[in-house]
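Here's the structure, in structure tokens; my notes come after.
The values are calculated or read from the model by the stated rules, or taken from the named source; none is laboratory data. Quantities reported herein were computed from a predicted structural model and do not represent experimental measurements. Cβ placement follows ideal geometry from the backbone for every residue including glycine, while neighbour counts extend to all protein chains displayed. Ligands, DNA and RNA are excluded from the accessible area calculation, which covers all protein heavy atoms including side chains. Shrake-Rupley method; radii C 1.70, N 1.55, O 1.52, S 1.80 Å.
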Amino acid sequence: MAPLMFAPEIDHLALIGNFLPRKCGLATYTTDTYYALQQRYPDLRVDVYAMDDHPGRYAYPDAVTRAIPQHDRAAYLDAARAIEASGAQALWIQHEYGIYGGPAGEFLIALIDRLSIPVIATLHTVLERPSADERRVMEALLCRASRVIVMAERGRDILRRVHGADERNIVMIPHGVPDRAFVDPDSLKPAFGWEGREVVLTFGLLAPNKGIETMIAALPQVAAGHPEALYVVLGATHPNLVAHEGEAYRDRLKALAEEKGVADHVAFIDAFVEHDALIDYLQAADLYVTPYTNPAQITSGTLSYAVGVGKPVISTPYVHATEILADDHGVLVHFGDSAGFAREIDRLLTDRDERLALAQRAYARGRTMIWPRLAETAMAELGAIVAARPRRFGRATVELGILEPDIAAVERMSDSTGMLQHSIYSVPDRRHGYCIDDNARALILMCRIEGIDEAARDKWTSIYGAFVQYAWNPDQRRFRNFMNFDRSWCEDVGSEDSNGRAIWALGVTARDARAQKHRDWASVLFDNTASIALELQAPRAHAFAMLGAAAMIEAHPGHALSRTILTRYGEELIALLDEARRPEWQWFEIVLAYDNARLPEALLRAGLVLGRHDFIQVGLETLDWIVGRQTSPEGRFRAVGTDSFGRPYAEPLPFDQQPLEAQATVDACVAAYEVTGDARWHEEAMRAYRWYLGANDLELPLATAQDGGCFDGLMPNGLNRNQGAESILALQLANCAISALSMPTENMAITPRTAVA
């Protein structure tokens, strides 16, 4: 048959789920899906990412690109990077509770949140009454997936009622079945030693929810009318049950058969049977039964397979059975009704013509479910979502113009205590309270921003300054960082970085505050606290303190403590560079992290005020190197993503990109421009700034021009639409830097600043 047409650009797909030789129904399903795609579309590349509950146990075939340890969250992120780097155009997820790590499998969400490609998910279980975690994870998956596949109409209904899912994104594709000819069971019975027996079969991993007890209880009545009847229970015990109690459940079933006097009429085959042999077993049976006990069961692969090869089926009325056996394609018996199963088995074994007619009706339905049909339908959906995917790369078409500084969003996030940390979209989230990091940045903004009402400047400078002042813990000689909304402190000592930022803010305020009262206050508090900088260990904390010290020297020339901070940590940064550098790696550490450009900026500012040309030279060299790492192939600014942090000597990864990085780069390039007068640094500052305006990997502005807000970052699949304090302040401080930078360029030139000793 001719292949179904789909979007011609689909030639590479990623597939995630369990995979053989892992022994479970989902592994069989994912494996069958893979081979159906390969056989139906030979030119399609399919990369399999196998979920692994016991790393090292399974000898996966070459089809498996990578195994993901179930409980290792970092492995999910690594897999996301691999999928993104592979060039796959879409990801097809096989979703089942219990196979992905984290509460209700939330590690899967971490993986897909780091992908820019479309996602489609087959849901093997859809719950009427999900737990809070199950609801949260399912709704995150529904939000991210362009399509979800259910295997029964009831699944579609539940998704609409329980989760409010969009009907347009739900597709019903029945469970796939093998493409086998219809055969007379008697022709295959000799292969299993079943000659002359009337065989009733159940198969699948053995577990209490399979209802085997119901069938054993029915056998005395069946055997009375059909002495040659044989009930075959085919399948290994479920691995989770074995881990808990060994084979105790199977032994209880055997004991029950002995008790009922039907041990000779029951055969337990304890094996995980390979695909082709499994179908042979099915075709050799006269009847197939699924006496399952769970009414809500949406999917049964064993039931689908039985219908696919034309077995007359007798089943309890769980969801999947009521749909697939509807319209006289099978027989339904009440849950736990042993007498009902005995009656219907007796009827069909007695009436050969009725049994054959039912088998033929089932087989006809099964022909609509064969694996090639599933592959075609799924590929049609994948083609549609890939074709509809918005263009995200290329020349930006949505870039905003340069923005004037605006404190509207800063004020929205602030109250009489200070600036709140986080928001849900644009609404402040009081649960997370405040931190000195943001209030220090806000204090710097009040010193730098032009064009605001001076009464507002005075008010907010006092509020943010009071937060910094109150954060000082004289007993511990450290600044605290995190404060609850009720103004109680979460800690006695804040991080090194937060202490460095506090010193930075005080130095800038001592130099740049518009009111003398604020300059005097900051100078005194700097003198009382800044010696702690000499005890800090982290390179970024050193850099932040250096930026404050450089400002303090400009406010108070000859300031001895500031000179000590700048000299010691400038020389330490150069020593770090000498230790970490390689020919291809001109950086202070063997990894990249946040606020990278602050390190060369600190050297440039220190070199300028100390007259240290070696500091300036190293600052320019390392800034040049980090700017190169922050440039996309299209020539845009690409912030070093948080996924990149902590990877020794590794090229940066693109996501998640955060506004802090663009602001740090703007400030560092402005410093380089002030020191050198080289127009190249003016352009680099503008390139980093345009990231906020839409000149970025996703061609999406992060700035909300109407109110001075800024989104929290670029994720692979779009914007993080929350607007926290850090992001808003990063944009507004970048606005201030670009506004100041543009003033001398209006006169076409800038005179390099002279380093002073």
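Count of the stretch 283-310 residues, restricted to those that are farther than 30 Å from Glu128 by Cα and not in a helix (DSSP H, G or I), is 5. Here Arg511 fulfils each of the conditions (1) touching a Cys at 6+ places or on another chain (Cβ under 9 Å); (2) surrounded by 24 or more Cβ atoms within 10 Å (Cβ to Cβ) apart from (2).
From the list His95, His175, His163, the one residue that fits, being within 21 Å of Pro69 (Cβ to Cβ) and touching a residue at least 24 places away in the same chain (Cβ under 8 Å), is His95.
Rundown of residues vs (1) among the β-branched types (Val, Ile, Thr); (2) part of a loop (DSSP other than H, G, I, E, B), yes/no style:
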position	(1), (2)
Trp194	no, yes
Val233	yes, no
Val242	yes, no
Ala257	no, no
Asp264	no, no
Ala271	no, yes
Tyr281	no, no
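Screening Thr564 with (1) in contact (Cβ under 8 Å) with a residue 24 or more places away in the chain; (2) more than 20 Å from Ile532 (Cα to Cα) gives one miss only, at (2). One residue stands out in the stretch 332-391 among those that are farther than 30 Å from Val119 by Cα and of a type in the set (S, T, N, Q): the one that is surrounded by the most Cβ atoms within 10 Å (Cβ to Cβ), namely Ser338.
In the set Glu258, Glu274, Glu323, which member is open to solvent by 10 Å² or more (accessible area, probe 1.4 Å) and at pLDDT 95 or above?
Numbers: Glu274 fails: at pLDDT 95 or above; Glu323 fails: at pLDDT 95 or above.
Sole residue among the options that is open to solvent by 10 Å² or more (accessible area, probe 1.4 Å) and at pLDDT 95 or above: Glu258.
Condition check for Asp186 on (1) open to solvent by less than 40 Å² (accessible area, probe 1.4 Å); (2) over 20 Å from Val262 (Cα atoms): one failure, at (1).
May I ask you to verify whether Ala85 is farther than 22 Å from Pro21 by Cβ, among the small types (Gly, Ala, Ser), part of a helix (DSSP H, G or I) and open to solvent by 10 Å² or more (accessible area, probe 1.4 Å)? Yes, satisfied. Only residues that are under 27 Å from Val126 (Cβ atoms) and outside any strand (DSSP E or B): list them for the stretch 58-71, please. Across the stretch 58-71, the qualifying residues are Gln70, His71.
Pick out the one residue from Arg612, Arg581 that is more than 30 Å from Pro701 (Cα to Cα), open to solvent by 30 Å² or more (accessible area, probe 1.4 Å) and touching a Gly at 6+ places or on another chain (Cβ under 7 Å).
Working: Arg581 fails: touching a Gly at 6+ places or on another chain (Cβ under 7 Å).
The conditions single out Arg612.
Within the stretch 685-717, the set of residues being open to solvent by less than 30 Å² (accessible area, probe 1.4 Å) and either in a helix (DSSP H, G or I) or of a type in the set (Ser, Thr, Tyr) (or both) comprises Ala685, Met686, Ala688, Tyr689, Trp691, Tyr692, Leu693, Thr704.
Just to check your reading of the model, which residue among Thr290, Thr316, Thr299 is in contact (Cβ under 8 Å) with a residue 12 or more places away in the chain and open to solvent by 10 Å² or more (accessible area, probe 1.4 Å)? Steps first, please.
Details: Thr290 fails: open to solvent by 10 Å² or more (accessible area, probe 1.4 Å); Thr316 fails: open to solvent by 10 Å² or more (accessible area, probe 1.4 Å).
Being in contact (Cβ under 8 Å) with a residue 12 or more places away in the chain and open to solvent by 10 Å² or more (accessible area, probe 1.4 Å) holds for just one of Thr290, Thr316, Thr299, which is Thr299.
Just one of Tyr41, Tyr35, Tyr49 is open to solvent by 30 Å² or more (accessible area, probe 1.4 Å), among the aromatic types (Phe, Trp, Tyr) and more than 13 Å from the chain's Cα centre (by Cα); which is it? None of the others qualify; the one that does is Tyr35.
Quick one: is Pro654 in a loop (DSSP other than H, G, I, E, B), touching a Lys or Arg at 6+ places or on another chain (Cβ under 7 Å) and in contact (Cβ under 8 Å) with a residue 12 or more places away in the chain?
On the way: in a loop (DSSP other than H, G, I, E, B): yes; touching a Lys or Arg at 6+ places or on another chain (Cβ under 7 Å): yes; in contact (Cβ under 8 Å) with a residue 12 or more places away in the chain: yes.
Spelling it out, Pro654 is indeed in a loop (DSSP other than H, G, I, E, B), touching a Lys or Arg at 6+ places or on another chain (Cβ under 7 Å) and in contact (Cβ under 8 Å) with a residue 12 or more places away in the chain.
A search for C-beta distances below 6 Å between a residue of the stretch 196-219 that is within 24 Å of Asp186 (Cα to Cα) and any residue that is assigned to a helix (DSSP H, G or I) and modelled with pLDDT under 95, counting only pairs 6+ apart in sequence or on different chains, returns Phe203/Thr302; Gly204/Thr302.
Here Tyr76 meets each of (1) closer than 29 Å to Phe645 by Cβ; (2) open to solvent by 20 Å² or more (accessible area, probe 1.4 Å) with one exception, condition (2). Within the stretch 615-634, restricting attention to residues that are assigned to a loop (DSSP other than H, G, I, E, B) and in contact (Cβ under 8 Å) with a residue 24 or more places away in the chain, the residue that is most open to solvent (accessible area, probe 1.4 Å) is Glu634.
Could you please give the count of residues in the stretch 590-609 that are in contact with a helix residue (DSSP H, G or I) (Cβ under 6 Å, 6 or more places away or on another chain), outside any helix (DSSP H, G or I) and open to solvent by 40 Å² or more (accessible area, probe 1.4 Å)? Residues flagged as in contact with a helix residue (DSSP H, G or I) (Cβ under 6 Å, 6 or more places away or on another chain), outside any helix (DSSP H, G or I) and open to solvent by 40 Å² or more (accessible area, probe 1.4 Å) within the stretch 590-609 amount to 1. Across the stretch 459-483, the number of residues qualifying as within 19 Å of Lys517 (Cβ to Cβ) and either in contact (Cβ under 8 Å) with a residue 60 or more places away in the chain or buried (at least 21 other Cβ atoms within 10 Å of the Cβ) (or both) comes to 6.
Scanning the stretch 194-210 for residues that are modelled with pLDDT of 95 or more and closer than 10 Å to Tyr292 by Cβ yields a single hit, Thr202.
Scanning the stretch 718-735 for residues that are open to solvent by 10 Å² or more (accessible area, probe 1.4 Å) and either in a helix (DSSP H, G or I) or of a type in the set (A, V, I, L, M) (or both) returns Leu719, Glu726.
Does Arg647 satisfy the condition of being open to solvent by 30 Å² or more (accessible area, probe 1.4 Å), among the basic types (Lys, Arg) and either within 25 Å of Ile109 (Cβ to Cβ) or part of a loop (DSSP other than H, G, I, E, B) (or both)? Against the criterion (open to solvent by 30 Å² or more (accessible area, probe 1.4 Å), among the basic types (Lys, Arg) and either within 25 Å of Ile109 (Cβ to Cβ) or part of a loop (DSSP other than H, G, I, E, B) (or both)), Arg647 qualifies.
Criterion applied to Leu358, Leu374 was being part of a helix (DSSP H, G or I) and over 30 Å from Ile10 (Cα atoms), and the one residue passing it is Leu358.
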